[in-house]
Amino acid sequence: MTYYTVRIIFLLYYFFQHTFVLAGDIGLRSEEPSTVGLGNNARENYSSTEHTHEEKSSVTHQTKISDNQQFIYSTSVSPYKALVLSDPCYQDGTCEVTQTQMEEQYCNCDKQCHQFKDCCNDIKYNEDLNSVYTPYYQCYKSSSNIYKGLFAVAECPPMEDNTTVLHLCQSDDFLRVGPCVVNDDIIFKNKYCALCHNFTLYKTFNLMLQMVGLDTSNIHENMSSSDRMNHIFRMSHGYQLVPPKGTVIRPCILQIASNNDTLCQMFINPVYIFGKRVILYRNYFCAPVANRHLSKCTGHLYDRLSRDRVFPMTVLFSFTEKETKTEDCNKMTYQMNGSNQCDLEIYTNLMSHPETFYLVSSVSLTRQQIIAVASAYCWTLTKVIDTEKVFIKKLLLPNGEKNEAAKINLKVVFPKPSFLHELKQNEHYLNNLMWNMFWSDENNTIEISKEKNLPLTLQNETLHETENPISTYIIKDLVKNGANISRSEHLGCKKTTVFADKNGLFKIQVTDAVCHEYHINQDFMEIQEVSYSIKAILTYVCFSVSVVALVFSIIMNRKFNLSSSIAGSNMENISISLIASNILFMIGSYASKIAFLCYTIGVFLHYLWLTVFSFMLISVLYIAKNLTSMKTGNKTMKQTGNFTKHVFTITGLLIPVLFVGPAVILDQFDIANLSAGYGNLVCFPNRYPANLIFFSGPVVFSTLINFVVMLRVIVQICLLHVEMRHLIKSSSFQDAKLFFRLLLLSGIFWVIGFLSGILQSEWLEYIFILLCGLQGLFVCVANMTTRHMYGNIKGTFSTKSFSTKATSLT
């Protein structure tokens, strides 16, 4: 086999190895997100025979990756010169070849090469030129490229005694500890490595995730920024750490083996050996002596191995603390794209699939005419929103040569870097655009309109997908030869009319477009903010009313000594839990920016809401037990008794601990998929699936039990009412009516809450806020309308009336 044949085989092997390793790496991250970034970070080393060396490297260069076509260097006579010249790959490692003939350099000829230990073979190594950071430099994996990284300070000094900082500096999970940071041209693996070297001021790298087929429907606005980043990272096909503007990085080779031999450490001129796997060595003298004759020169092959794959669709996440006011981050600008001071991720070339719609014509049209009309609609969208890439994904028609309506599915790509709320705003504009077109020729005018609902002409028809190979060309022709309509005048248009003639290459030519109505303030964010403010006001008003009502209810219970009974005690426990949870929820809304306070409130709020359902469940079971005992003729449970009340109270307080305790422990250890996410936004556990396991699940389970038990209660009441009519005057029956009202209300509003989350219905959200917020008022009303309370109040007024009359008579 010839030398060039071997080089070609090596190139093919590495290409396929790169493909499968990258795919495996992404798959691993999808299954184990907590190990993100571990793929050969902090420099991967391969042991060669008995020699194993942990190589350390570093960072500093000229902006981006400097162009070394023009360079100045000096070579010196080395005592090892004869041995170095014996390297069969010597020419591939010289300054002349690497700096002038290669696109990517694996060795360098500047003064800094002594600091990073990446000098070419004709540069005399001089340890006196080492930096104080030389012992701590490593080749850090900064992208999905498995061969190329960057030099970064990746270790703490030996005198560092803070074990937490040491551990975090060594961590490769950059989604948790953050990406590289830079201070004065010194790049650190993460902010903790900078901290242990006494740097507290630095600039942070951004994280660019490379995507394929990412759709706006895959991205949820109600996620926290960190959760959204983890979610998108699992779907990504690659990543790259992007340095701050003007930052100099120094590239290095990952997966390169070495040993402690002096010649091995003197320079970089990589060679490779075929075996069970291909192994890259730092240079010829790093390979095992017995196998050196098998080594092959890397040389110009490195240019191809180190190339990064290009992904047009990207998401850029910033780890820098927000420096810009919220109102200044409504629209992505070119200046922001360079620094991203808004702490908002930036999406480029993201796809969107707007809602399906129908085009309805006043007369029957041929298939070609319908395609032309649909293309004109796509052309209109390029004027209404900021994109040129609108495509017909599916065009569905009934059988027949001519039809009056068609079902359309579109695909839209947003090439401009944008914030997520901008993309959602554009989607809102697309879905709510009111559009019609007048298509004229010499004889008549056809009117075509867009409709959201299925038209009558298609209700009994079977639709079939129709090929539309010419739609892209029609859109291009309309852009080129159609009416010169300014996008700035139509951007954000809500209702538009298009005028077209039957001429031109594709028998349709747009002559004009008129916008009749714009979206309010042309700003969907303002609509959202108004919606959120209405919900917030409604929540605070309802919760405040409930707190006042519950306090009044407790005072009345205490006044007439109704809390001395077990039923009254249970109701008082429910009332106190609701008061505390309502007040804490309102406080938590303003404490989201104080991490520790928000976390603490989140834990207590989790506990208090569960105590409400815990005491409700105990109350229902108590009522059911009494009614069952009445039915069978056994003794009922005592209506009073401190021991029983204390047992019920302690039980109700301990049940939530079974869920809150494990949730807090798992959250502290940040276990993947089981972290509850206390301290986010509303200071409440909101991470899936932990919130389902530790909150929603118990609530649903409790509600289901209550409904089942209360159905039995209803049956028991009916039977007792028929068989023992005198029982209707008993206190147990009155308590049953009271708690049945409470359970009915609590069950309904929580079911509505879950439905609003699943169906994403705004009306259900408002209904849920009303029912949930006014729960305390409902409890108060239910309590004040019992015969016990009514009798006591009536007796009080009767006594006062009698006393007044007696006084007047005397």
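Observations
- Selection within the range 491-518: residues that are under 35 Å from the mean Cα position of the chain (by Cα) and of a type in the set (K, R). The member of this set that is nearest to I385 (Cα to Cα) is K494.
- Residue check, E451 among the acidic types (D, E), assigned by TED's automatic domain parsing to the domain that holds R487 and closer than 16 Å to T472 by Cβ: no
- Of note, T703 satisfies the criterion of being among the hydroxyl-bearing types (S, T, Y), at pLDDT below 85, part of a helix (DSSP H, G or I) and over 17 Å from C598 (Cβ atoms).
- If you go through the range 640-659 and pick out every residue that is assigned to a helix (DSSP H, G or I) and among the small types (G, A, S), you end up with 1.
- Among residues of the range 465-490 being exposed (fewer than 10 other Cβ atoms within 10 Å of the Cβ) and not in a loop (DSSP other than H, G, I, E, B), the one that is nearest to the chain's Cα centre (by Cα) is S488.
- Look at the range 144-165: where a residue is surrounded by fewer than 21 Cβ atoms within 10 Å (Cβ to Cβ) and a partner is among the small types (G, A, S) and assigned to a strand (DSSP E or B), sitting 6+ places away or on another chain with Cβ atoms under 9 Å, you get N145/G238.
- Summed over the range 90-138, the residues that are within 16 Å of L150 (Cα to Cα) and of a type in the set (D, E, K, R) give a count of 3.
- Considering residues of the range 381-432 that are among the β-branched types (V, I, T) and within 26 Å of E447 (Cα to Cα) only, the residue surrounded by the most Cβ atoms within 10 Å (Cβ to Cβ): I385
- Of the residues making up the range 80-116, those that are more than 22 Å from V289 (Cβ to Cβ), part of a loop (DSSP other than H, G, I, E, B) and of a type outside the set (A, V, I, L, M) number 10.
- Residues located in the range 119-137, provided they are at pLDDT 90 or above and either over 29 Å from S86 (Cα atoms) or surrounded by fewer than 16 Cβ atoms within 10 Å (Cβ to Cβ) (or both): Y133, P135, Y136, Y137
- In the range 234-256 there is at least one residue matching the filter, namely being more than 30 Å from H353 (Cβ to Cβ) and of a type in the set (D, E, K, R).
- So S131, is it touching a residue at least 24 places away in the same chain (Cβ under 8 Å) and under 26 Å from the mean Cα position of the chain (by Cα): no
The values are calculated or read from the model by the stated rules, or taken from the named source; none is laboratory data. In this text the structure is predicted, and so the values were computed from the model without any measurement. Using ideal geometry, Cβ is built from the backbone for each residue, glycine included, and neighbour counts are taken over all protein chains shown.
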